[in-house]
Amino acid sequence: MAVAVTEAVADVGAGRRVSARHFVRLKLRVMGNNFRGQGWRIGLFALGAFAGLWFAAFGLFLFAVPGLAGNDQYATLLAAFGGGLVVLGWLLLPLIFFGVDETLDPARFALLPLPRRTLVTGLFAAALVSVPAVAVLLAASGLILTAGIFGGWSAALTQAVGVLAGLLLCVAGARAVTSAFATMLRSRRVRDLAAVLLAGAAALIAPVQLAAAAALQDADWDRLAEVAAVVGWTPFGAPWTIGIEVAQGRVWAAPVKLLITAVTVVALLAWWSRSLESAMVGTTSSSRASTRPRATGTAVTQLFPRLLGWLPRGRFGALVAREARYWWRDARRRANLITLAVVGLFVPVMLNLGGAGDTGGGALDTSSPVLVTLSMVFVGVLAAATLANQFGFDGSAYAAHVVVGVPGAVELRARMAAFSLYLLPLVLIISGVLALLVLGQPGWIGLTAGSLLATFGAGLAVNTLLSVLGAYSLPETSNPFALNSGAGVARSFLAVLSMLASAVAVIPMVVAAALLGDVWLWLALPIGAAYGLGAALLGAYLAGDVLDRRQPELLATITPRR
Amino acid sequence: MTAEHPALALHGLVKRFDAKVAVAGVDLTVPAGSFYGLLGPNGAGKTTTLSMAVGLLRPDAGGARVLGHDVWADPVRAKQLLGVMPDGVRLFDRLSGAELLAYHGLLRGMDPAVVSQRAAELLDVLALADAGRTLVVDYSAGMKKKIGLACALLHGPRLLVLDEPFEAVDPVSAALIRDILGRYVAGGGTVVFSSHVMEVVERLCSHVAILADGAIKRVGTLDEVRGEQTLEQVFVTVVGGRTATGEELAWLSR
Ligand SMILES: Nc1ncnc2c1ncn2[C@@H]1O[C@H](COP(=O)(O)OP(=O)(O)OP(=O)(O)O)[C@@H](O)[C@H]1O
Ligand SMILES: [Mg+2]
């Protein structure tokens, strides 16, 4: 027995070195276990993998075009802009849309005696094992092909290294950015909030303006090539352009560009490592003030936020009040609201500004009621899609509603109402900004607001039904962007489905904008508002009926399996 | 009106998770006015059974009646009579204690004035008033149990179903909860609860059921089940415990 003891102690002391390999194996194992006995998850995963491969094949073809065409004039252009877009997508899409797969939650490693460096490289390696990463790798092989055709084996090999470096860059960037945003969103200071808004705005403006500037000079390909050359020297384009540099005889550029990429990756990992610490130590809640002032007033008055004092003191009112508090107190929901505000404001502005600059005649030359309506449809659809997994936000807490037996229609109407409390002011701001500042046409407020309300209402109806039928559980971690493995695919499919359905539902608004001309400028607001309200109420009624019948099933699907 | 009905009647409850049979046909009759203890080793199926009894989990077979009202066919009536504290389920924990109680009360369709008055009283009795506006998510484990119990009690149910109410609460609070539940039963209510604390079950319960491997092994009044032995001895006999030989886990001692 004594032998066993000393052996064990020696084991604890020295231990076997933990390497990135263990993390990768762990991730694969966890993913496999998640699939166990859940046929639909396997199906979803296969569907996601298929979609990923499809896009990858498409990208591969695009990247290979210069090589296949035998014309290397625009090879740099394509590599720099195409690759840059890929990097940008990895940085922004997880924040706005997809979230990050957190099959391995960093917080679970907090108690293990692992050096930070091992942890970061391990988690990084695990993050590389994913469908999107494989898809990028595949798509970027098109660059290798192009480089090989123009520069032979040496160029192809260099580009292969470049593609790998580029993939590392993408994944490190996605992790670092989501993790940093998560940390920011957990903190309760408004100052950080402003920083988040600004960062998001800046992140969105830059690329769109770049694209707009490029579109302005679309006749001038050579100017564009110059821009591409510059982009090729930034981390966005560096890894993707080294093969073509070698092929075109600038061999010295390859190590420099690789260095640029490597330094960026290391910097991103260091940044990630710093925010990981707070993610590991802090639980979801720790950032909330724990020393709040003593309660004042009765329990019921405390439940209702001061601004919502007018709500009826009943079932509906209580639900709205609680939801309203949750949209702000729950980091995950808050993150959704903030990104929605940023995207909702900037995308329409950019869309309608596009190309307005050089004609000098103001926005009217390029913007039409149809374009305005379409951009508003986009915002409305995006806003409503936030509710596509509204029950997933609650997790097992929803059991309270099942125990009480809250009628489905009441519950859904209240959820819509609470979300609209945040959204309607936003709608007003967006419509106002667009009509007054961008278009310079105060008369168009009715059009913008009407389209937005109609889309939003129709979207609420669609997404409410979806939230009852297609709910999935969210992990209980401190990262509001985290998703369970496989949920990313589910989320994308549901989001696309809901957006399509809501967009279809508002086709009448777009048609009316196209056909009716000036009369529509006045009719859009009342008709749009009525249409939206009617659609939302109908949706709540229909989905409520479904909800009444499958409350326990819904609870089971949104309860996180731990 | 419902006096002739048992407070809770389970018949033929079955629940399968994939290949695993968690509950394999449970029949249980809880007489009105009884204090019913549900015992069983970890993984016996207590939580699963109670979840099916209160409408949180749809059974594969069988049904449940609360004072004569079918939980699945007539949920509105059944749920009005029920107070539930589930285990392993979150509360709406981004509300403060008072807010949470007000929320539950209003969801039940209670009068706001009554809700406020009862909430204040419950917070006071359960020593949670000091927490003020602290969010429930920041409460300690025992405090969470207590606020969960308060939520179950708020609307004055006729039947209380509690999953491990004594887990994680300190001795003073446990005594308090025993006292509250004792008075509740004395006043005509019925309590069903699961627990691992034999001493509490022996002290409180009028009836006991022992569940193992998803089936009821012993059931009856406390004295019937206990016979000449202590409850713990009966439990170990039924469950078939394993005792340490001293050989295993030797590396834990230096
Ligand atoms: N959602 C689920 N999916 C799969 N299996 C489950 C699920 N919930 C419970 N089980 C299984 O059902 C069995 C009974 O679990 P249950 O939680 O009812 O036990 P319990 O008696 O409450 O145990 P404890 O005393 O530890 O609380 C266990 O074997 C468990 O693994
Ligand atoms: Mg249990």
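Pick from region B:145-163 the residues that are out of contact with any Lys or Arg (no Cβ under 8 Å at 6 or more places or on another chain) and within 16 Å of ligand 1 (Cβ to nearest atom): which of them is modelled with the lowest pLDDT?
Among them, the one singled out is B:Lys145.
Go over the candidates B:Ala61, B:Ala19, B:Ala7 one by one and state the one that is more than 22 Å from B:Val208 (Cβ to Cβ) and away from chain A (no Cβ under 14 Å).
B:Ala61
Name every residue in region B:130-140 that is open to solvent by 40 Å² or more (accessible area, probe 1.4 Å) and not in a loop (DSSP other than H, G, I, E, B), in order of residue number.
Within region B:130-140, B:Asp130, B:Asp138 qualify.
Collect the residues in region B:15-36 that are open to solvent by 30 Å² or more (accessible area, probe 1.4 Å) and either among the hydrophobic types (A, V, I, L, M, F, W, C) or within 12 Å of ligand 1 (Cβ to nearest atom) (or both), keeping them in residue-number order.
Answer for region B:15-36, where residues must be open to solvent by 30 Å² or more (accessible area, probe 1.4 Å) and either among the hydrophobic types (A, V, I, L, M, F, W, C) or within 12 Å of ligand 1 (Cβ to nearest atom) (or both): B:Arg16, B:Phe17, B:Asp18, B:Ala19, B:Lys20, B:Val21, B:Ala24, B:Ala32.
Identify, by number, the condition in (1) on the phi > 0 side of the Ramachandran plot; (2) out of contact with any Leu (no Cβ under 9 Å at 6 or more places or on another chain); (3) crowded, with 18+ Cβ neighbours inside 10 Å that A:Ser130 doesn't meet.
It fails just one condition, (1).
Test B:Val239 against the criterion of being surrounded by 11 or more Cβ atoms within 10 Å (Cβ to Cβ) and touching a Pro at 6+ places or on another chain (Cβ under 9 Å), and give yes or no.
Criteria met by B:Val239.
If B:Gly12 meets every condition in (1) part of a strand (DSSP E or B); (2) within 15 Å of ligand 1 (Cβ to nearest atom); (3) free of Cβ contacts under 8 Å to residues at least 60 places away in the same chain apart from one, which number is that one?
(2)
Answer yes or no as to whether B:Val76 is closer than 23 Å to A:Leu412 by Cα, free of Cβ contacts under 8 Å to residues at least 24 places away in the same chain, of a type in the set (Val, Ile, Thr) and away from ligand 2 (no atom under 16 Å from the Cβ).
It is true that B:Val76 is closer than 23 Å to A:Leu412 by Cα, free of Cβ contacts under 8 Å to residues at least 24 places away in the same chain, of a type in the set (Val, Ile, Thr) and away from ligand 2 (no atom under 16 Å from the Cβ).
Quick one: would you say B:Ala22 is in contact with a Leu (Cβ under 8 Å, 6 or more places away or on another chain) and either within 14 Å of ligand 2 (Cβ to nearest atom) or under 26 Å from B:Ile180 (Cα atoms) (or both)?
Considered against the rule, which asks whether it is in contact with a Leu (Cβ under 8 Å, 6 or more places away or on another chain) and either within 14 Å of ligand 2 (Cβ to nearest atom) or under 26 Å from B:Ile180 (Cα atoms) (or both), B:Ala22 comes out as no.
Would you check if there is a residue in region B:131-147 being in contact with an Asp or Glu (Cβ under 6 Å, 6 or more places away or on another chain), more than 14 Å from every other protein chain (Cβ to nearest Cβ), within 16 Å of ligand 2 (Cβ to nearest atom) and of a type in the set (D, E, K, R)?
no
Taking only region B:97-123 into account, find how many residues are more than 7 Å from chain A (Cβ to nearest Cβ), open to solvent by less than 10 Å² (accessible area, probe 1.4 Å) and over 16 Å from A:Pro312 (Cα atoms).
Going through region B:97-123 one residue at a time, the tally reaches 2.
Listed residues A:Arg549, A:Arg561; which is within 14 Å of chain B (Cβ to nearest Cβ), away from ligand 2 (no atom under 16 Å from the Cβ) and either open to solvent by 10 Å² or more (accessible area, probe 1.4 Å) or at pLDDT below 85 (or both)?
Checking each option against the conditions leaves just A:Arg549.
Among B:Asp70, B:Asp60, which is open to solvent by less than 50 Å² (accessible area, probe 1.4 Å) and out of contact with any Ser or Thr (no Cβ under 9 Å at 6 or more places or on another chain)?
The conditions single out B:Asp70.
State yes or no: is B:Thr49 more than 14 Å from every other protein chain (Cβ to nearest Cβ), within 11 Å of ligand 1 (Cβ to nearest atom) and either at pLDDT 95 or above or in a strand (DSSP E or B) (or both)?
So B:Thr49 passes the test.
Which condition from (1) within 16 Å of ligand 2 (Cβ to nearest atom); (2) in a helix (DSSP H, G or I) is the one that B:Ile177 breaks?
All conditions are met except number (1).
The values are calculated or read from the model by the stated rules, or taken from the named source; none is laboratory data. Note that the structure is predicted; figures quoted are calculated from it, not measured. Please note: Cβ atoms are built from the backbone with ideal geometry, for glycine as well, and neighbour counts cover all protein chains shown. Quick note on the areas: whole protein, heavy atoms, side chains included, nothing else; ligands and nucleic acids left out. Shrake-Rupley method; radii C 1.70, N 1.55, O 1.52, S 1.80 Å.
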